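Q: Can you read through this structure? Questions will come right after.
What follows draws every value from the coordinates through simple rules; no lab data is involved. For clarity, every value in this text was computed on a predicted model and none was experimentally measured. Please note: Cβ atoms are built from the backbone with ideal geometry, for glycine as well, and neighbour counts cover all protein chains shown.
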């Protein structure tokens, strides 16, 4: 048998003996017993528990909605979609324009056939050259198509920084103390300051 303490008439503890399996609850601590099930455990308000569960789910859905419609997440989603589309444009630019231009200069449009063999092991360094050339071309296309125009645009749109205000104090040439900038005589050594 468990015992639950509660305040008696004179402020001292009084004890209530509970049947096995019954836990002390709010009703027991207040000295009131709520409805009991057949086994002696407190009866639950099933509708109340269902409303509480719906409240938790509704609260989670509201939090999820707030998360989805925050500015950062929407900006990120737009950036991913635009980045994917721009990736296709850059890949087409490299594949259809820049690679044939390099092939016209070098004489070989595809380096994947270049390889050498050592002890029956084939090293296809041409694939590496293709990947390296593709990377350099994509990086150059992104730099000249996105970074340079964006930098120039931000330079045009930003206002020049205001000139810093003149200093409020200056150093005395005789005693090196800090004096007001408009002072004509040092307050510490009384020497004349130009």
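Q: Residues of segment 150-165 with the amide nitrogen closer than 15 Å to a label point 7 Å from the Cα of residue 86, along Cα-to-Cβ, please.
A: Within reach of a label on residue 86, which here means backbone N under 15 Å from a point 7 Å along Cα→Cβ, segment 150-165 contributes 150-154.
Q: Starting with the highest mean, order 144-154, 168-178 by the number of other Cβ atoms within 10 Å, averaged over the residues of each peptide.
A: In descending order of packing, they fall as 168-178, 144-154.
Q: Apply 1/(1 + (r/R0)^6) to the Cβ-Cβ distance of residue 70 and residue 178, taking R0 = 41 Å, and write down the FRET efficiency to the nearest 0.05. All intermediate terms of the calculation are to be shown ahead of the outcome.
A: On the way: r = 49 Å, r/R0 = 1.20.
The computed FRET efficiency comes out at 0.25.
Q: Determine the shape class of segment 71-156: with a ≥ b ≥ c the square roots of the Cα gyration tensor eigenvalues, call it rounded for a/c under 1.5, and otherwise prolate if a/b is greater than b/c, oblate otherwise. Numbers along the way, then the final one.
A: Working: a/c = 3.19, a/b = 2.04, b/c = 1.57.
Here segment 71-156 falls in the prolate category.
Q: Obtain the nm distance between the two label points defined at residue 96 and residue 135 by a simple spin-label model: each point lies 7 Å from its Cα along the Cα-to-C-beta direction.
A: Taking the two extended label points, one gets 2.6 nm.
Q: Taking 0.36 nm per residue of sequence separation and subtracting the Cα-Cα distance, how much length would be gained by fully extending the chain between residue 105 and residue 122, in nm to one decimal?
A: Values: separation 17, 0.36 × 17 = 6.12 nm, distance 2.76 nm.
That pair, residue 105 and residue 122, stretches by 3.4 nm at full extension.
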